[in-house]
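Inspection log for the structure reproduced underneath, given as structure tokens.
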Amino acid sequence: MEQRGTLSPSPPPAWTPRTDPAPLLPDPRPYRVLGTDAAEKADPALLLELYDQLVRGRRYNAQATALTRQGRLAVYPSSTGQEACEVAAALALEERDWLFPSYRDTLAAVARGLEPVQALTLLRGDWHTGYDPHEHRIAPLCTPLATQLPHAVGLAHAARLKGDDVVALAMVGDGGTSEGDFHEALNFAAVWQAPVVFLVQNNGFAISVPLAKQTAAPSLAHKAVGYGMPGRLVDGNDAAAVYEVIGDAVRHARAGGGPTLVEAVTYRIEAHTNADDATRYRGAGEVEAWRAHDPITLLERELTERGLLDDARRQSAYDAAEALAAELRDRMNEEPVLDPMDLFTHVYAEQTTQLREQAAQLRAELEAEAER
Ligand SMILES: Cc1ncc(C[n+]2csc(CCOP(=O)(O)OP(=O)(O)O)c2C)c(N)n1
Ligand SMILES: [Mg+2]
């Protein structure tokens, strides 16, 4: 007869959580600095730099949207209302770090040093990413939702294995958190303790879908606990608060502490893109309530009260923003000089046979056309 194992009347020792969930839980009140006692500790030079960048960013958004009306850009997803997240997150990184932006994060890329016109090349449909990702350590502005997140984790994990002191900041929208890629990225990041910071800009909507129809979680930051990483909630319109929270998460990651999920609560003041009509799914009252919590006004009030911003200083910020817009307009009005053969460059490190054949065919057609 077959020998059966000894039957144990009670289950094996109960599995105990490996991580105490309590320290991972986000404070449900979004962290704020401006208008609180914490503001006094903020560095005046940093606040002024954030202010300059916010003003430039808003002007950039207005100019890019105007370019869509002039037929110079097919589409532009404006981040007006979200400039504090964009700018503060980019400034919280070191030069050696990597930024993984979504399509809405042009301002973050520009604040990190990308030439303003280069951030629009993709949206004009000119040339691949529009810039060399390695030069600025900015991955391509990513349209397929959340696909930039596993890339960020892969890069950060690889950097750690190589002993490089690099952190990846991955930006995603509230809607993007419903994607499988979000889950896979956060899971791998936590298991590997990869030096990644995930910044979710909760701007209230995924096109016309409000957050309440997207998730039943207490907050998006609470999702962190299920993966075993800390979740943090921050007022996404408070540039000083975003800078501090992202900066803390970046330092934590760099020191080997693993990933953090930051949810920045903000609002998309304009439509999803120039191709969307936001009045179809939200009321003017909601927009007005958020205008009263505008990121530029919040910082301006703080700076003015502390005597750091007078009319002349304010004007210089607006003049610089105007100059940026004028240059952007001029550069975007130039006819782009494009080489059709570039379709085949930077696609594969080693081209496939099919692509080589197609490239040869295109080259022959271009040569024939040039001879005509
Ligand atoms: C994988 C994938 N599915 C669908 C879309 C179409 N799409 C583009 S933007 C968008 C909404 C995204 O909302 P959110 O993540 O909140 O970012 P936001 O636009 O608010 O910045 C959708 C569904 C897409 N780009 N990629
Ligand atoms: Mg959104």
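Each reported figure results from applying straightforward, stated rules to the coordinates on display, with no laboratory input. Remember, predicted model here, so these are calculated numbers, not experimental data. Every residue, glycine as well, gets a Cβ built from its backbone with ideal geometry; the counts of neighbours run over all protein chains shown.
For segment 175-201, filtering for residues that are under 22 Å from Ala241 (Cβ atoms) and of a type in the set (Asp, Glu) leaves 0.
Out of the residues in segment 66-87 that are more than 15 Å from ligand 1 (Cβ to nearest atom) and farther than 22 Å from Ile246 by Cβ, state the one that is surrounded by the fewest Cβ atoms within 10 Å (Cβ to Cβ). Checked segment 66-87; the qualifying residue surrounded by the fewest Cβ atoms within 10 Å (Cβ to Cβ) is Gly71.
Does any residue of segment 233-241 turn out to be closer than 24 Å to Asp27 by Cβ and surrounded by fewer than 16 Cβ atoms within 10 Å (Cβ to Cβ)? Break it down into steps so the answer makes sense when it comes.
Step one: list which residues in segment 233-241 are closer than 24 Å to Asp27 by Cβ, which gives 233-241.
Filter once more, keeping what is surrounded by fewer than 16 Cβ atoms within 10 Å (Cβ to Cβ): none.
So far as segment 233-241 goes, no, none of its residues is closer than 24 Å to Asp27 by Cβ and surrounded by fewer than 16 Cβ atoms within 10 Å (Cβ to Cβ).
Of the residues that sit in segment 182-209 and are within 27 Å of Glu270 (Cα to Cα) and free of Cβ contacts under 8 Å to residues at least 60 places away in the same chain, which one is nearest to ligand 1 (Cβ to nearest atom)?
Checked segment 182-209; the qualifying residue nearest to ligand 1 (Cβ to nearest atom) is Ala206.
Select, from Leu328, Leu308, Leu298, Leu324, the only residue that is farther than 27 Å from Gly71 by Cα, within 27 Å of the chain's Cα centre (by Cα) and among the aliphatic types (A, V, I, L, M).
Result of the check over Leu328, Leu308, Leu298, Leu324: Leu298.
Taken together, Leu149, Leu169, Leu145 contain a single residue that is touching a strand residue (DSSP E or B) at 6+ places or on another chain (Cβ under 8 Å), surrounded by fewer than 24 Cβ atoms within 10 Å (Cβ to Cβ) and under 15 Å from Asp105 (Cα atoms), which is Leu145. Here is the figure for segment 89-136: residues that are within 13 Å of the chain's Cα centre (by Cα), more than 16 Å from ligand 2 (Cβ to nearest atom) and either among the small types (Gly, Ala, Ser) or under 22 Å from Leu338 (Cα atoms) (or both) total 4.
Within segment 210-239, restricting attention to residues that are part of a helix (DSSP H, G or I) and farther than 24 Å from Pro77 by Cα, the residue that is nearest to ligand 1 (Cβ to nearest atom) is Lys223. Counting only residues that are within 16 Å of ligand 2 (Cβ to nearest atom) and buried (at least 24 other Cβ atoms within 10 Å of the Cβ), how many does segment 208-232 have? Selection size over segment 208-232: 2.
Name the residue, out of Leu123, Leu149, that is over 19 Å from His346 (Cα atoms), in contact with a Leu (Cβ under 9 Å, 6 or more places away or on another chain) and of a type outside the set (D, E, K, R). Talk me through it step by step, then tell me what you get.
Numbers: Leu123 fails: over 19 Å from His346 (Cα atoms).
That would be Leu149, the only listed residue that is over 19 Å from His346 (Cα atoms), in contact with a Leu (Cβ under 9 Å, 6 or more places away or on another chain) and of a type outside the set (D, E, K, R).
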